[in-house]
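Here is the structure we will look at.
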Amino acid sequence: MTPDPLLDIRNLSVGLRGDGIGYDIVRDVSLSLYPNEVLAVVGESGCGKSLTALSILALHASPPLYITGGSILFEGTDLTKLSPAKMRAVRGAEIAMVFQDPMSALDPMFTVGTLLTSAVKAHQKVSADVAKKISLEALADAGIEDPRRRFDEYPFQLSGGVSQRVMIALALVNDPKIIIADEPTTALDVTVQAQILDRLRELKNERGMSVMLITHNLGVVASVADRMAVMYAGEVVESGAVGEVLAAPHHPYTNGLLSAVPRLNSEASELVPIGGRVPQPNELPAGCAFADRCSFVTDRCRSEHPPLEHHARTEVRCHHPVA
Amino acid sequence: MKSVLKTTLLTLLLLIASSLAVFAAIRLSGGDVTAARLPASATAEDRELFRQQVGLDQPILRQYVTYVGEVFTGDLGNSLTNNASISSLAVEKIKNSAILGGMSLVLVFGVGIPLGMIAALKRNSWLDTGITSFSVAGMAVPNFWLALILIYIFATVLGWLPSAGQGGIEYLILPAVVLSAEGIALTVRMTRSAMIENLSQDFVRTLRAAGLSERRIYFKHVLRNSLLPIISLAGLRVGQIVGYALVVETIFGWPGVGQQLVNAVLRRDYPVVQFFSLLLVFVVTLGNLAASVGYTLANPRLRK
Ligand SMILES: Nc1ncnc2c1ncn2[C@@H]1O[C@H](COP(=O)(O)OP(=O)(O)OP(=O)(O)O)[C@@H](O)[C@H]1O
Ligand code: SF4
Ligand SMILES: [Mg+2]
């Protein structure tokens with residue numbers, strides 16, 4: 001019997017609202033993150049991965065973006081209903097985030113130490129000495145060789161890899177239950193990528209955390225994640241255990257992605273678009289969003305929007321799942 | 001730190017060059033200085049003798065060196081119009097101008113930065129619109145015109161404030177407001193746009209994700225980043241205040257360096273003109289030096 005999910009995103013929609021415009025970008029997304037697992041979220045650029053992740057901590061740009069439906073349950077509390085003050089208590093302390101571009105994600109005017117200790121003090125009533133000790137430990141935990149030296153350095157003195165480790169340390173200082181990492185290694189070179197992903201995986205095991213990992217890279221998914229969800233045009237089209245999905249994808253989109261990748265685990269395993277174009281969120285067809293690019297398309301696909309349904313051991317959003 | 005030393009040396013060179021230029025300009029600007037001191041009946045010989053007495057027959061560079069030497073010993077020479085010693089005159093004038101200029105500088109940053117921050121925080125609200133319109137007006141209205149309007153409203157019509165002269169704080173208000181108006185307006189606009197720009201930087205999202213309060217993010221991180229461009233242009237603000245002081249002190253009869261300088265120019269009292277214009281050059285240069293050192297110290301990349 002599976003345990004209750006730690007984070008349960010149910011039918012989440014996030015949309016753009018403004019003068020005379022209004023459409024959803026993230027539509028009816030359900031994702032569950034269980035204790036002590038890595039959930040990978042994959043999908044082509046613009047499919048709504050970051051927006052889904054940001055909306056968990058209400059970090060999406062609002063206005064113009066709003067959560068327009070669904071709920072995000074964390075340990076039974078709906079995060080979408082929290083007051084700003086209560087949400088602030090969750091950010092960093094219960095759920096932390098690591099962003100894609102570490103160089104611009106760190107405030108250039110303050111040292112690593114100031115950044116980390118402010119984050120500690122945002123949640124814990126501790127002395128400056130204790131905050132420093134916690135910060136140094138987090139730096140070491142993030143795999144930084146010389147924490148004392150880095151503590152006094154400014155972001156401009158750090159390489160991309162070290163900056164990203166500082167971001168991870170920042171995520172660790174308040175010992176959260178969940179880390180959401182949005183393409184944490186895309187900006188880095190391959191060896192550093194591997195080291196950082198390994199570190200994340202180890203931290204998950206050491207601390208019993210859960211990680212939601214957003215990535216373009218199916219090789220990364222195969223080597224790091226326990227479960228995965230594939231997103232397309234703002235929707236989850238397939239989800240399940242990594243082994244199941246990668247071994248036998250049922251959605252034509254996932255299938256296409258996998259056959260477009262010559263060798264799994266190689267550097268070339270970025271998501272290569274299948275022929276055709278992803279529909280924009282404001283010009284979605286009535287039926288299946290993938291219909292224009294799908295080789296199995298039928299009339300039913302064009303008229304009737306497919307729901308996410310159990311198929312074999314995964315969930316698939318398709319009228320004619322690949323066997 | 002090396003860059004601070006370099007800036008200081010450059011500033012010193014600039015100071016020598018610009019003071020020399022001012023020194024020479026006063027001598028080359030034409031007009032007979034002897035006319036101010038000697039009676040109309042004085043002969044050409046009398047006039048030549050006078051020139052020799054005050055050293056005007058020497059080469060300019062020589063005169064400059066002599067003059068700088070004298071300034072360092074505290075001997076600033078005498079006024080040609082009433083023979084009063086310039087050093088005794090200077091202390092009072094400098095004090096008055098320092099009060100007015102200092103007050104204006106405090107207003108430029110002390111009012112400009114908070115207003116800009118409020119406008120950025122409440123952007124697109126009526127408060128922002130109000131502050132922004134005021135700052136547009138502050139830049140568009142020439143300061144002598146602003147002076148006349150304010151004198152008319154607050155002195156003539158309402159009678160709340162004196163229109164000119166010196167005394168208690170009430171005499172300082174109008175001239176300081178006029179002198180700082182444009183600087184405040186520019187600082188409001190710079191602060192507002194820098195704050196808005198920095199608020200959308202990636203690092204703000206990182207700080208939010210870490211659970212820092214909005215207040216801390218805004219007042220510590222975004223503000224610190226936004227102060228850099230303001231500090232880097234602070235030298236210009238000082239220059240503006242010094243330049244406008246000539247007009248504003250004259251209009252408000254504020255007995256400072258600016259008013260003194262305008263009067264001396266009108267009377268061709270060249271030793272007075274010389275000292276006070278060099279003083280202004282000195283202040284402006286020093287203001288730029290302070291701004292540049294401040295920028296270096298405030299910027300981690302340059303400080304290290
Ligand atoms: N602030 C915003 N205003 C308007 N549209 C936005 C905003 N942020 C994101 N979007 C739109 O939302 C959609 C999803 O964006 P999102 O960043 O979630 O994609 P993604 O899946 O993370 O892509 P990538 O792989 O490139 O990071 C895109 O079409 C984008 O244009
Ligand atoms: S629903 Fe139809 S169009 Fe959509 S993916 Fe399935 S087969 Fe293709
Ligand atoms: Mg993204």
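To put it simply, the accessible area of segment B:168-280 at a 1.4 Å probe is 59 percent carbon and sulfur.
Output the pairs from B:LYS6/B:LYS95; A:LYS133/B:LYS220; A:LYS177/B:LYS220; A:LYS86/B:LYS122; A:LYS49/A:LYS177; A:LYS133/A:LYS177 with a Cα-Cα distance over 26 Å in this structure; if there are none, say none.
Details: B:LYS6/B:LYS95 31 Å; A:LYS133/B:LYS220 23 Å; A:LYS177/B:LYS220 28 Å; A:LYS86/B:LYS122 23 Å; A:LYS49/A:LYS177 20 Å; A:LYS133/A:LYS177 21 Å.
Violating the 26 Å limit, Cα to Cα: B:LYS6/B:LYS95; A:LYS177/B:LYS220.
Peptides A:14-22, B:14-22, A:240-248, B:252-260 ordered by packing proxy, namely the average of other Cβ atoms within 10 Å per residue, highest first: B:252-260, A:240-248, B:14-22, A:14-22. Here the gap between B:TYR152 and B:GLN58, fully extended at 0.36 nm per residue and compared with their Cα-Cα distance, gives a gain of 28.8 nm.
Per-residue mean of foreign Cβ neighbours for A:115-123 is 4 (Cβ atoms of other chains, 10 Å radius).
Figure note: A:ILE180, B:ILE196, B:ILE118, B:ILE131 ranked by solvent-accessible area, largest first, 1.4 Å probe, ligands and nucleic acids not counted: B:ILE118, B:ILE196, B:ILE131, A:ILE180.
Taking the Cα centre of segment B:42-161 as origin and assigning +1 to Lys and Arg Cβ atoms and -1 to Asp and Glu Cβ atoms, the resulting dipole is close to 620 debye.
Estimated from helices alone, the mean residue ellipticity of chain B at 222 nm is -24500 deg cm²/dmol (sum of -39500 (n - 2.57) over DSSP H runs with n ≥ 4, per residue). The contact between chain A and chain B removes approximately 2200 Å² from the accessible area (both sides summed; 1.4 Å probe; ligands, DNA and RNA excluded). Inter-chain neighbour count for A:160-170: the average number of beta-carbon atoms from partner chains within 10 Å of each residue's beta-carbon is 1. For chain B, the relative contact order is 27 percent, taking Cα pairs closer than 8 Å that sit 6 or more residues apart in sequence and dividing their mean separation by the residue count.
Show A:SER303, B:SER277 ordered by accessible area, largest first, where the area counts protein heavy atoms only and the probe is 1.4 Å. Spell out each step's value before the answer.
Numbers: A:SER303 85, B:SER277 20 Å².
Descending order: A:SER303, B:SER277.
From the square roots a ≥ b ≥ c of the eigenvalues of the alpha-carbon gyration tensor of chain B, which class results: rounded (a/c under 1.5), prolate (a/b over b/c), or oblate? Write down the numbers at each step before the final one.
Details: a/c = 3.38, a/b = 1.72, b/c = 1.96.
The shape class here is oblate.
Each Lys or Arg adds one and each Asp or Glu subtracts one; over the other residues with Cβ under 10 Å from the Cβ of A:ARG10, this totals -3. The mean sequence separation of alpha-carbon pairs under 8 Å and at least six residues apart, normalised by the residue count of segment A:108-175, gives a relative contact order of 48 percent. At the residue level, B:ILE26 shows approximately 30 square angstrom of accessible surface with a 1.4 angstrom probe and all protein chains present.
Positive-end ranking of B:SER135, B:LEU174, B:GLY211 along the dipole of segment B:92-270, with charges on Cβ about the Cα centre, is headed by B:GLY211.
Which shape class applies to the protein assembly as shown: rounded if a/c is under 1.5, otherwise prolate when a/b exceeds b/c and oblate if not, where a ≥ b ≥ c are the square roots of the Cα gyration tensor eigenvalues? Judged from the Cα gyration tensor, the protein assembly as shown comes out prolate (a/c at least 1.5, a/b above b/c). Only helices reaching 30 angstrom along their own axis (Cα) with mean Kyte-Doolittle hydropathy no lower than -1.0 count here, and for the DSSP H runs of chain B these are B:2-28, B:86-121, B:169-199, B:270-298. Summed over the residues of segment B:92-270 and divided among them, the accessible surface reaches 46 Å² per residue at a probe radius of 1.4 Å. Using R0 = 41 Å, the C-beta based FRET efficiency linking A:THR186 and B:LYS6 works out to 0.55. Given a Förster radius of 30 Å and the C-beta distance between A:PHE296 and A:ALA247 as r, what FRET efficiency does 1/(1 + (r/R0)^6) yield to the nearest 0.05? Taking R0 as 30 Å, the efficiency between A:PHE296 and A:ALA247 is 0.95.
Order B:HIS221, A:HIS319, most accessible first, counting only protein heavy atoms with a 1.4 angstrom probe.
Details: B:HIS221 0, A:HIS319 25 Å².
Largest accessible area first, the residues go A:HIS319, B:HIS221.
Taking amide H as placed 1.01 Å from N in the peptide plane, A:GLU235 has its amide H under 5 Å from the amide H of A:ARG27, each at least 5 places away in sequence or on another chain. For A:GLY70, the residues whose amide H sits under 5 Å from its own are A:SER13, ignoring neighbours fewer than 5 places away on the same chain, with H placed 1.01 Å from N.
In whole percent, how big is the carbon plus sulfur part of the accessible area of segment B:1-159, probe 1.4 Å, protein atoms only?
Numbers: 6770 of 9720 Å².
Roughly 70 percent, rounded to a whole number.
Once you have a ≥ b ≥ c as the square roots of the Cα gyration tensor eigenvalues for segment A:108-175, tell me rounded if a/c is under 1.5, and otherwise prolate or oblate according to whether a/b is larger than b/c. The shape class here is prolate.
Helix-only arithmetic for chain A: the sum of -39500 (n - 2.57) across DSSP H runs with n ≥ 4, divided by the residue total, places the mean residue ellipticity at 222 nm at -9500 deg cm²/dmol. Look at where the Cα atoms of segment B:189-258 and of segment B:63-115 average out, and the two centres are 27 Å apart. What does the charge count around A:LEU308 come to, taking other residues whose C-beta lies under 9 Å from its C-beta (Lys +1, Arg +1, Asp -1, Glu -1)? Net charge around A:LEU308: -4. Using 0.36 nm per residue and subtracting the Cα-Cα separation, the extra length available between B:PHE50 and B:ASN263 on full extension is 74.4 nm.
The values are calculated or read from the model by the stated rules, or taken from the named source; none is laboratory data. As the structure is a computational prediction, the values presented were derived from the model and not from experiment. A quick note on method: Cβ atoms are made from the backbone with ideal geometry, for glycine too, and the neighbour counts reach across all protein chains shown. The area values use the complete protein model at the heavy-atom level, side chains included, leaving out ligands, DNA and RNA. Shrake-Rupley method; radii C 1.70, N 1.55, O 1.52, S 1.80 Å.
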